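Participant: Before I ask anything, here is the structure I am working with.
The values are calculated or read from the model by the stated rules, or taken from the named source; none is laboratory data. Quick caveat, the model's predicted, so the values are computed rather than measured. Heads up, the Cβs are rebuilt from the backbone with ideal geometry, glycines too, and the neighbour counts pull from every protein chain shown.
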Amino acid sequence: MNSGGPYEGGKPDATFSFKDDAFVKVATGKMNSQIAFMRGTMKIKGSLGAAQKFTPDIFPKPSKM
């Protein structure tokens, strides 16, 4: 899943793209974003360092289900 829209503030530091099911799991806290990345269901284009700083702010911690 990728918005594909232009970034209006210049060039983004990092861009995330997901497979649909992985996005839902990460967004609902059922999967850790690092696991999604390692499995290849989430891809990061650009600065990995910037992405690592950003992900805790947008993704909840996985739930214990």
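Participant: What is the residue count in segment 31-53 for residues that are surrounded by 13 or more Cβ atoms within 10 Å (Cβ to Cβ) and not in a helix (DSSP H, G or I)?
Facilitator: 8
Participant: Are any residues in segment 25-65 of a type in the set (S, T, Y), under 14 Å from A14 (Cβ atoms), at pLDDT 70 or above and under 12 Å from the mean Cα position of the chain (by Cα), and if so, which ones?
Facilitator: Listed by number, the list holds a single entry, S33.
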